[in-house]
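The values are calculated or read from the model by the stated rules, or taken from the named source; none is laboratory data. Just so you know, these numbers come straight off a predicted model, no measurement behind them. All Cβ positions, even for glycine, are placed from backbone atoms using ideal geometry, and neighbour counts span all protein chains on display.
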Amino acid sequence: MRHCPLCTVLPALALVAVPVGLLLAAAPASQDEKGAKKEWGVHDKERPQPAMVTPAGHGTAPSDAISLFDGKSLDAWTGGAWEVKSDAQGQPYFQVKAGSGNIRTKEGFGSCQLHIEWMVPESCKCNGQQGCNSGVFFMDRYELQILGSNPNKTYVDGMAGAMYGQYPPLVNACNPNGQWNTYDVVFSAPKFNADGSLAKAGHMTVFFNGVLVQNHSEIWGATAHMAKAKYSAHEPKLPIGLQDHGDALCFRNVWVRPLAD
Ligand code: MG
């Protein structure tokens with residue numbers, strides 16, 4: 001019988017490899033300079049439990065969210081003299097006071113999850129970009145367009161669910177005027193190097209009435225009209241703005257959850 005060296009070596013290697021594999025799987029997670037675990041084994045029972053959060057209910061925010069509208073005042077905001085009102089069922093909302101200017105949160109935010117509900121009153125007549133226009137400005141400069149878009153034909157990178165001047169929504173999920181719409185957004189803030197150059201572009205993922213319309217779309221820069229967007233370095237946290245485009249749009253149930261980068 002011919003001698004086969006590998007026939008004896010391979011089983012021996014396997015005997016060594018199995019315990020090494022077991023050792024790797026059972027090895028404690030490594031620690032960073034502060035002694036905190038930063039890597040975890042599969043199904044590691046020492047891995048910390050996520051924080052408990054009571055989910056949002058109808059018209060309420062998750063328990064760890066920052067409410068940007070308490071139903072009584074616009075104390076979380078500064079800027080235009082927008083008005084707090086209530087509908088026929090007594091549900092509070094706030095409305096653009098046309099011509100009084102944009103509003104901005106007093107608090108600054110970077111990366112975040114935002115929930116906002118908006119409605120174009122039936123009395124508004126949409127004509128392209130006119131008559132039913134507003135917008136959410138993340139960091140006071142990256143606009144997620146708000147526009148009555150059912151029906152209302154305009155350039156597609158300016159319709160509801162568009163990142164204005166950059167990306168159309170994947171689909172048109174807009175409700176007709178007179179009905180409330182919902183945006184649920186994951187906004188990732190851009191990052192800048194010390195010399196002001198862009199280190200990492202921002203992104204938006206947007207669900208419009210529960211339908212995905214922006215899928216981790218890369219932000220080109222600060223929203224511009226009739227021009228290609230460009231970045232310029234800014235602070236890591238800035239206000240969220242809502243646009244007064246001269247139209248009496250309504251908003252309610254606005255909340256934000258800051259996200260770690
Ligand atoms: Mg707008």
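The residues of region 137-151 that are surrounded by fewer than 23 Cβ atoms within 10 Å (Cβ to Cβ) and over 17 Å from Gly246 (Cα atoms), listed by number, are Asp140, Arg141, Asn150, Pro151.
Scanning region 74-94 for residues that are exposed (fewer than 15 other Cβ atoms within 10 Å of the Cβ) and not in a strand (DSSP E or B) returns Asp75, Ala81, Asp87, Ala88, Gln89, Gly90, Gln91.
Looking at Asn177, is it outside any strand (DSSP E or B), touching an Asp or Glu at 6+ places or on another chain (Cβ under 9 Å) and either away from the ligand (no atom under 14 Å from the Cβ) or closer than 18 Å to Lys237 by Cβ (or both)? Spelling it out, Asn177 is indeed outside any strand (DSSP E or B), touching an Asp or Glu at 6+ places or on another chain (Cβ under 9 Å) and either away from the ligand (no atom under 14 Å from the Cβ) or closer than 18 Å to Lys237 by Cβ (or both). Residue pairs whose Cβ atoms lie under 9 Å apart, separated by 6 or more positions or on different chains, with the first residue in region 55-70 and within 16 Å of Tyr183 (Cβ to Cβ) and touching a residue at least 12 places away in the same chain (Cβ under 8 Å) and the second hydrophobic (A, V, I, L, M, F, W, C) and surrounded by fewer than 13 Cβ atoms within 10 Å (Cβ to Cβ), are Pro62/Val53; Ala65/Val53. Scanning region 95-151 for residues that are within 14 Å of the ligand (Cβ to nearest atom), among the polar types (S, T, N, Q), outside any loop (DSSP other than H, G, I, E, B) and over 24 Å from Val213 (Cα atoms) yields a total of 0.
The set of residues in region 83-116 being under 18 Å from Asp244 (Cβ atoms) and within 24 Å of the chain's Cα centre (by Cα) consists of Tyr93, Phe94, Gln95, Val96, Gly101, Asn102, Ile103, Arg104, Thr105, Lys106, Ile116.
Restricting to region 243-253, name every residue that is assigned to a strand (DSSP E or B) and on the phi < 0 side of the Ramachandran plot.
Selection gives Cys250, Phe251, Arg252.
Remark: pairs (first residue in region 158-176, in the same structural domain as Val186 (by TED's automatic domain parsing); second residue more than 14 Å from the ligand (Cβ to nearest atom) and acidic (Asp, Glu); Cβ separation under 9 Å; 6+ apart in sequence or on different chains) = Gln166/Glu218; Tyr167/Glu218; Pro176/Glu122. Note on region 131-151: among residues that are free of Cβ contacts under 8 Å to residues at least 60 places away in the same chain and not aliphatic (A, V, I, L, M), the one that is nearest to Gly221 (Cα to Cα) is Gln145.
Residue-wise test of (1) in contact with a Pro (Cβ under 9 Å, 6 or more places away or on another chain); (2) aliphatic (A, V, I, L, M); (3) within 16 Å of the ligand (Cβ to nearest atom).
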site: Phe187; (1), (2), (3): no, no, no
site: Pro190; (1), (2), (3): no, no, no
site: Thr205; (1), (2), (3): no, no, no
site: Glu218; (1), (2), (3): no, no, no
site: Gln243; (1), (2), (3): no, no, yes
site: Val256; (1), (2), (3): no, yes, no
site: Ala260; (1), (2), (3): no, yes, no
